[in-house]
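Just below is one structure, and these are the notes that go with it.
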Amino acid sequence: MLISCLSFPNLVFAQENNASPGSTNFFEKYYGKIIESSIRGPLDALVYIDYEIADGKVLDALAALGYTVTVATDWVDFSNKLGANNYGLAVAFNQNFPWSVKPTVLSALTTYITNGGSVVFGDWKTDNDFAALFEAQFTGVNNQTQMALHPSIATGLPNPISLVNTGWSIFSTGLTATGGGQVLGTFPNLDASIIRGNGGKTIILGYLSDTPPEAYRQQLFMNLFEGVAPPPSSVPLSNGALYLGIFLIAIFIVFRYTRRLA
């Protein structure tokens, strides 16, 4: 009996890892580091990306916006830090491995989002328990190569923008909005590629971090981060504080001068 082999380009069977064999994790060198910013204090943003084949420019985007970034070492470390510190933004991308500590991560994200935290998230495993946190659901259609952007996140970018497979089995994943979710990006088949939810505090991505064109990755992430959290900025002194400072300096100068005369 002759058995024919059929090819289904959008159907990917169960597998251990998403990255192509022989690839290396670009992001691994950042694990456990705190990347300081001169604008704000430490622990402003928490980041964990389990794998990147190419530089997704996530850290560059955060630095350009003035964030000090703490990079977790793994999903357990990410979850522990998220629960123990007051971060203004969390960035979490599961891009290569199956979920090994799903309940831990799901619980940490649920608590953080419930308390009003801002999150940008992605999951190549298309787990709808996570998607539900972001007022979204995965459609099961994968590997589309272009998306149209909502004007609110299109500043400085070509629109539509292409997606390039840098060496993944699954590099984009269709989404649909649920509840109050707002579609910010759309694939050619009209599946969503980006959904903002939770009153504008969260975003879930339907593509991997290193798949937009390299020249536009940083700008796209800057737009997305600003879409869920106000950018960090230095806090200006009030006029009262400024005048008090000048007054104290003047008193000090007069005091030193009178001591010299004595």
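The values are calculated or read from the model by the stated rules, or taken from the named source; none is laboratory data. Everything numeric in this text was worked out from a predicted model, so none of it was measured. Note: ideal-geometry Cβ built from the backbone for every residue, glycine included; neighbour counts use all protein chains shown.
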Quiz item: Quick one: is L184 at pLDDT 95 or above, surrounded by 21 or more Cβ atoms within 10 Å (Cβ to Cβ) and within 18 Å of the chain's Cα centre (by Cα)?
Solution: yes
Quiz prompt | Single residue of the range 82-111 satisfying the filter (assigned to a loop (DSSP other than H, G, I, E, B) and free of Cβ contacts under 8 Å to residues at least 40 places away in the same chain) that is nearest to G206 (Cα to Cα) | solution = W99
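For (1) among the hydroxyl-bearing types (S, T, Y); (2) surrounded by fewer than 21 Cβ atoms within 10 Å (Cβ to Cβ), each residue gets a yes or a no:
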position	(1), (2)
W75	no, yes
L89	no, no
F93	no, no
F97	no, yes
S118	yes, no
D123	no, no
S152	yes, yes
Quiz item: small (G, A, S) and free of Cβ contacts under 8 Å to residues at least 60 places away in the same chain: does that describe S79?
Solution: yes
Exercise. Answer yes if at least one residue in the range 124-137 is modelled with pLDDT of 95 or more, in contact with a Pro (Cβ under 9 Å, 6 or more places away or on another chain) and either assigned to a loop (DSSP other than H, G, I, E, B) or over 25 Å from A19 (Cα atoms) (or both), and no otherwise.
Key: yes
Quiz item: Quick one: S238 ticks every box in (1) at pLDDT 95 or above; (2) out of contact with any Ser or Thr (no Cβ under 9 Å at 6 or more places or on another chain) bar one, so which box is it?
Solution: (1)
Quiz item: Restricting attention to the range 113-121, does a residue exist that is part of a strand (DSSP E or B) and over 14 Å from the mean Cα position of the chain (by Cα)?
Solution: no
Exercise. Could you tell me whether any residue of the range 44-57 is at pLDDT below 95 and either out of contact with any strand residue (DSSP E or B) (no Cβ under 9 Å at 6 or more places or on another chain) or of a type in the set (A, V, I, L, M) (or both)?
Key: no
Self-check item: Options G167, G156, G83; residue that is at positive phi and in contact with a helix residue (DSSP H, G or I) (Cβ under 6 Å, 6 or more places away or on another chain)
Solution: G156
Self-check item: Members of the range 108-121 that are closer than 12 Å to R196 by Cα and not hydrophobic (A, V, I, L, M, F, W, C)
Solution: S118
Self-check item: Criterion violated by L59 - all others in (1) in a loop (DSSP other than H, G, I, E, B); (2) more than 15 Å from Y207 (Cβ to Cβ) satisfied
Solution: (1)
Exercise. Name the residue, out of I170, I161, I113, that is touching a Phe, Trp or Tyr at 6+ places or on another chain (Cβ under 9 Å), surrounded by fewer than 21 Cβ atoms within 10 Å (Cβ to Cβ) and farther than 27 Å from N17 by Cα.
Key: I113
Practice problem: Please verify whether the range 157-164 includes one or more residues that are free of Cβ contacts under 8 Å to residues at least 24 places away in the same chain and in a loop (DSSP other than H, G, I, E, B). | Solution: yes
